[in-house]
1. Looking only at region B:107-125, which residues are assigned to a loop (DSSP other than H, G, I, E, B) and within 22 Å of the chain's Cα centre (by Cα)?
2. If a residue counts only when it is small (Gly, Ala, Ser) and either outside the structural domain of B:VAL308 (by TED's automatic domain parsing) or out of contact with any strand residue (DSSP E or B) (no Cβ under 7 Å at 6 or more places or on another chain) (or both), which helices (runs of 4 or more DSSP H) contained entirely in region B:368-461 have at least 2 such residues?
3. Identify, from the list B:PHE420, B:PHE384, the residue that is out of contact with any Lys or Arg (no Cβ under 8 Å at 6 or more places or on another chain) and crowded, with 21+ Cβ neighbours inside 10 Å.
4. Taking the stated definitions as given, is B:GLY293 buried (at least 16 other Cβ atoms within 10 Å of the Cβ), of a type outside the set (Phe, Trp, Tyr), touching a residue at least 60 places away in the same chain (Cβ under 8 Å) and assigned to a loop (DSSP other than H, G, I, E, B)?
5. Look through region B:318-355, keep the residues that are within 14 Å of chain A (Cβ to nearest Cβ) and free of Cβ contacts under 8 Å to residues at least 24 places away in the same chain, and return whichever of them is surrounded by the most Cβ atoms within 10 Å (Cβ to Cβ).
6. Considering every residue within region B:251-260, establish whether at least one is polar (S, T, N, Q), at pLDDT 65 or above and in contact with a Phe, Trp or Tyr (Cβ under 7 Å, 6 or more places away or on another chain).
7. Is there a residue being assigned to a helix (DSSP H, G or I) and farther than 17 Å from B:PHE122 by Cα anywhere in region B:326-340?
8. Tell me which of these B:LYS53 doesn't satisfy, since it passes every other one: (1) under 27 Å from B:LEU332 (Cβ atoms); (2) free of Cβ contacts under 8 Å to residues at least 12 places away in the same chain; (3) away from every other protein chain (no Cβ under 14 Å); (4) not aliphatic (A, V, I, L, M).
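The values are calculated or read from the model by the stated rules, or taken from the named source; none is laboratory data. From a predicted model like this one, the values you see are computed outputs, not experimental measurements. Every residue, glycine among them, receives a Cβ derived from its backbone with ideal geometry; neighbour counts consider all protein chains shown.
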Amino acid sequence: MNFLYFDPGLGAMIVQAIVAVAAGVILFSKNVMYKVKAFFGLLKEEDDTYDSIDVDEKDTDLHDKTH
Amino acid sequence: MTKHTENLHQASFRDPSGYMFHDGEQLRRRIHPIYFPQYRALTDSGFYSTLIKKGLLIPHRETQAVEDGIVITPETIPFITNPYEWSFSMYKHAALHTLKLQKYALSKGFILKDASAYNVTFHKGKPIFIDTLSFDFYEENTPWRAYKQFITHFFGPLVLAKYYGTEVFKMMQTHIDGIPVSLIASLLPGKSKLSSTVFTNIHLLAKMERKHSEDYKAETKLASLSKKSQENILESLFDYIKKLDVKEASEWGDYYTKTNYDAIAFEAKKKLIREWVLPLRPKRLIDVGGNDGTFARTITDTVSQVIVTDIDSNAVDHNYKQVQQNKEENMLPFVCDVLQPAPGIGFNNTERSSLLERLTDFQPDVTMALALIHHITLSGNVPFEKSAEFFAKFSKNLIIEFPTREDSWVESLLVRKREFINHFDFYNESNFEAGYAQYFQLEKKEAVAGTKRILYLFKAK
């Protein structure tokens, strides 16, 4: 059940299929480049303070299990 | 029905799932039965509690649960900043935060049903998501409904800022639902198409939106999109935004390395401010025109809420980076031009409060305005009694620095008036005091050693 309280935009819904293909290619080449750079020891440290896109659940899972 | 007696918050009428209301001082959120299934699933699965533990979502308590409505009480946020008041890094982090939440939601069978920039604000030194009812169930293989909103609220403004600087964020003041995709696409330079992320997420999106703009009956079948594909979109946007940078000259440059007074005077000013602030025992303090927070940081150890504004987005950004690095929880920087503070915007002009309304609610115990009055008076041509009226609207105690005519900054501002220099003969100590006497009582006055400046402490009448 979805509450469509605003119009998501039809073009925006359709375009995501194409965007995803391009994104897949970029991410794949990024992984390749990462491995190449790691091999030659060229990895730089990131300077932005925001951490990764993934939520690290390790400690929270542990916490949940004790309850 | 309690609905009619509750004092509705002006910003929350768009979402049919529930609304915010004022219960005395406390802001609460009422959830309608239509959203009960989602709310229960989000609560019972531990989704909310994980996000809250991780500091990604504003904590809330369920304070009432009856048949026709559940009431939750979120943790109070002392001061809400809006997207058009954020520096580049702040804007960037709010965008990354939204993507992170969507990716996590997806992994747990939920989605963010909207991606409004107003769903994120800054609290305890970090971006935090504040719209607890923004989550919905994920339907297998559906594209992200809020994708376009993410582009118009976050991605578009950020990419525009990359080319034209952070002034672009002020366009959010005139476009409460984000900058239209077609406008973003037409403003961006042709070379922006060379990036496949920008090309697909903006230029291609604009084209597709144009093509499908006449589907009045919503007849065209919606495309399907696998979960993995959607994750790819989120990750590539995340990577692109994280690397984004803005190159713009600062209004003040390295102000403190170019000040017209030496290190000893600088320390003397810091000491004087601390001596004056401490006896006032403030809980909330605002430093207007506070640059990167250097002077406000002399008292952050004793004040629980410090907000620092500056007209210069770079200075605010520098301040925000220090907040992040030092993990400061009581310092909130944001961009503000005193000569045109953020107005009330949206439906009825009340959806997003004006800066003055928010400052009046914030009720700072101490207002600081250091090295600011000569800019307001000489660059902005604002008479002393008018700037006094402005400060009086929200200040109890005002610590204000008056650079005299002999100060080199003032000299420079006066010289630039050229043949109109005589029009500014009123700029002196006694006229300043007379102007402020209309709204304030003079408590203390002291020359800052080693400078041509005087520090005043005024109390509101």
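1. First pass over region B:107-125, keeping only residues assigned to a loop (DSSP other than H, G, I, E, B): B:108-109, B:113-116, B:124-125.
Within region B:107-125, B:ASP114, B:ALA115, B:SER116, B:LYS124, B:GLY125 qualify.
2. The qualifying helices (runs of 4 or more DSSP H) are B:408-415, B:429-437.
3. On the way: B:PHE420 fails: crowded, with 21+ Cβ neighbours inside 10 Å.
Going through B:PHE420, B:PHE384 in turn, the sole match is B:PHE384.
4. Working: buried (at least 16 other Cβ atoms within 10 Å of the Cβ): yes; of a type outside the set (Phe, Trp, Tyr): yes; touching a residue at least 60 places away in the same chain (Cβ under 8 Å): no; assigned to a loop (DSSP other than H, G, I, E, B): yes.
Spelling it out, it is not the case that B:GLY293 is buried (at least 16 other Cβ atoms within 10 Å of the Cβ), of a type outside the set (Phe, Trp, Tyr), touching a residue at least 60 places away in the same chain (Cβ under 8 Å) and assigned to a loop (DSSP other than H, G, I, E, B).
5. So the residue we want is B:ASN326.
6. Filtering region B:251-260 for residues polar (S, T, N, Q) gives B:257, B:259-260.
Going one step further and asking which of them are at pLDDT 65 or above, we end up with none.
No; the residues of region B:251-260 include none that is polar (S, T, N, Q), at pLDDT 65 or above and in contact with a Phe, Trp or Tyr (Cβ under 7 Å, 6 or more places away or on another chain).
7. The first filter runs over region B:326-340 and keeps only residues assigned to a helix (DSSP H, G or I), leaving B:326.
With farther than 17 Å from B:PHE122 by Cα added as a condition, the list becomes none.
For region B:326-340, residues assigned to a helix (DSSP H, G or I) and farther than 17 Å from B:PHE122 by Cα: absent.
8. (3)
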